[in-house]
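Participant: Shown below is the structure under consideration.
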Amino acid sequence: MPDLEARAWRELDLAALRHNVQVLRGRLSPGGELMAVVKADAYGHGLAETARALSRMGVRAFAAACLSEGIALRRAGVRGLILILGWTPPEEVPLLRRYRLTQTVADEAHGLALAAAGRPIRVHLALDTGMHRLGVPAEDFNALQNLYRQGNLRIDGLFSHLRVADSLDAEDAAFTQEQLSRFYAAVSRLRAAGLPVGKLHIQSSYGVWNLPPQPCQYVRAGIALYGVLSQGGPVQRPLDLRPVLSLRARVVSVRTVPAGEWAGYGRAFRAQADVRLAVVSIGYGDGLHRDLAQRGGQVLIRGRRCPMAGRMCMDQLLADVTALPEVRPGDTATLIGRDGPRDISAQELAARCGTITNEVLCQLRPRLPVVTR
């Protein structure tokens, strides 16, 4: 249970996380491993808490977005491979070495600059197979050879990122197959030249949902690890995954607003009859979309859906509990998760806000403490 002083909190279901790890492991190639993607505060789930739990579940490879996240993982006691997926300045090579982090080579110039820093580091080469974000063009064999010549680059792996693996559209599926072909062609050419490719990875979550297991050593599991889809729509190979995160806050006050009175900022809500409004201690300062109430946002209190009312504040929101006269200060309001027979999913919030689940979760602020159950 949360600390009695907590106004709002993130709640992690470790049994659901363990279940998801087991399900995803069942979709790996023989000998394959999960690489848990814990960037952006573990998709809003809490970096240290989530990574430590995954470590106890036997996960030995992690992916972070940036150097500071990698350092935070080491300081939290996380062992094993920590791959920095994003660009790190060459001047930070001493920190990469100090914290035993593996750095992505973002392009040829980045790799040469990292090597020129003068100390050996472990790296994975990103191959650009069509995303055109980071990576050495997969067909640029001269650039790849040049990076292999750099004595300070210990190349432990190669990877790429699939641009439209989340789509079942025929044209998108064909593009994904083209990306796979470009990746494996580059791998084959390097192997033929006697160059060690290390461990390979190209599947992220939607690559697991929509592709068969690939001949790679890692799968980078992000949003699937947390038990939700990025957005609605079918996938090729559904998995029995369970949401890990619930978002809850306290009812701190309940008051009656007479008919005709306004409540909240901007006169966004006017009582058409006498209403009871619960003040819930969470707001857009915690990472919620400010216009969620205007988009039909609801909370669960005592197992019932209650509509949000008025304009969300930075630290509070209002909920109409007129139909629940038993609601009292101290009750729990659920914004994501289950309360009794009903639930509100992160996907529901994302759909109301016109975005993807990843964004809804990643916007949750660190001031929301993490509790586990």
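Nothing in this text is a laboratory measurement; each read-out follows from the coordinates by a stated rule. In this text the structure is predicted, and so the values were computed from the model without any measurement. Don't worry about glycine lacking a Cβ; one is built from the backbone with ideal geometry, like all the others, and counts go over all protein chains shown.
Participant: So between residue 22 and residue 97, what do we pick up on full extension, going 0.36 nm a residue minus the alpha carbon distance?
Facilitator: Details: separation 75, 0.36 × 75 = 27.00 nm, distance 3.22 nm.
Gain in length upon complete extension: 23.8 nm.
Participant: Follow-up question, since we're still on this one. Mind running the shape call on segment 249-344? Use the C-alpha gyration tensor, a ≥ b ≥ c as the square roots of the eigenvalues: rounded below 1.5 for a/c, prolate if a/b tops b/c, oblate otherwise. Kindly include the intermediate steps, with their values, before the conclusion.
Facilitator: Values: a/c = 1.66, a/b = 1.16, b/c = 1.43.
The shape class here is oblate.
Participant: If I model a spin label as a point 7 Å beyond the Cα along the Cα-Cβ vector, how far apart are those points for residue 152 and residue 57 in nm?
Facilitator: 3.8 nm
Participant: Test of understanding: express the Cα radius of gyration of segment 292-342 as a ratio to 2.2 N^0.38 Å, with N the residue count. Please report the intermediate quantities before stating the final value.
Facilitator: On the way: Rg = 10.6 Å, N = 51, 2.2 N^0.38 = 9.8 Å.
With N residues counted in segment 292-342, Rg over 2.2 N^0.38 Å equals 1.08.
Participant: Helices from the chain with mean Kyte-Doolittle at least -1.0 and a Cα length along the axis of 30 Å or more, per DSSP H: which?
Facilitator: Details: long enough: 170-192 (33 Å, -0.28).
Within the chain the helices that satisfy the rule are 170-192.
Participant: Still on this model: So how do 264-273, 39-48, 14-23 stack up, highest first, on mean other-Cβ count within 10 Å? Write out the running numbers ahead of the final one.
Facilitator: Values: 264-273: 13.8, 39-48: 23.2, 14-23: 17.5.
Packing proxy ranking, top to bottom: 39-48, 14-23, 264-273.
Participant: Which whole-number percent of Cα pairs in segment 138-290 have a distance greater than 18 Å? Walk me through the numbers before you get to the answer.
Facilitator: Numbers: 8342 of 11628 pairs.
I get 72 percent for the Cα pairs in segment 138-290 exceeding 18 Å.
Participant: A further question follows. Sorted by packing (mean other beta-carbon atoms within 10 Å per residue), highest first, where do 71-80, 104-113 land? Let's see the in-between values first.
Facilitator: Working: 71-80: 16.1, 104-113: 20.1.
Peptide ranking by packing, descending: 104-113, 71-80.
Participant: Please report how far the C-alpha centroid of segment 113-175 lies from that of segment 54-85, rounded to the nearest whole angstrom.
Facilitator: Cα centroid of segment 113-175 versus Cα centroid of segment 54-85: 21 Å apart.
Participant: Now for a different question. Could you go through segment 232-240 in sequence order and give the Karplus-derived ³J(HN,Hα) for each residue, using 6.51 cos²θ - 1.76 cosθ + 1.60 with θ = phi - 60°, rounded to whole Hz, and x for Gly and Pro?
Facilitator: Result, rounded to whole Hz: x, x, x, 10, 6, 10, x, 10, 7.
Participant: Give me the percent relative contact order of the chain, please, defined on Cα pairs under 8 angstrom at least 6 residues apart.
Facilitator: Details: 801 pairs, mean separation 69.7, N = 373.
Taking the mean separation of contacting Cα pairs over the length of the chain, I get 19 percent.
Participant: So for the chain: antiparallel DSSP bridges make up what percent, rounded to the nearest 5? All intermediate terms of the calculation are to be shown ahead of the outcome.
Facilitator: Values: 32 of 61 bridges.
That works out to approximately 50 percent antiparallel.
Participant: Please give the calculated 222 nm ellipticity per residue for the chain, where each DSSP H segment of at least 4 residues contributes -39500 (n - 2.57) and the sum is spread over every residue; nearest 500 deg cm²/dmol? Could the numbers behind the result be given before it?
Facilitator: Working: 11 runs with 103 residues, N = 373.
Computed ellipticity for the chain at 222 nm equals -8000 deg cm²/dmol.
Participant: Would you report the distance distribution of C-alpha pairs in the chain as whole percents per 10 angstrom bin, up to the bin with the largest distance?
Facilitator: Binned Cα distances yield the sequence 5, 22, 27, 21, 14, 7, 3, 0.
Participant: Further question on the same structure: Which whole-Hz couplings ³J(HN,Hα) result when phi for each residue of segment 260-265 is put into the Karplus expression 6.51 cos²θ - 1.76 cosθ + 1.60, θ = phi - 60°, listed in order with x for Gly and Pro?
Facilitator: So the J values, rounded to whole Hz, are x, 7, 9, 9, x, 5.
Participant: Separate question: Write down, largest first, the equivalent ellipsoid semi-axes of segment 1-115 in whole Å, where each equals the square root of 5 times an eigenvalue of the alpha-carbon gyration tensor.
Facilitator: On the way: eigenvalues 158, 75, 25 Å².
Ellipsoid half-lengths, sorted descending, are 28, 19, 11 Å.
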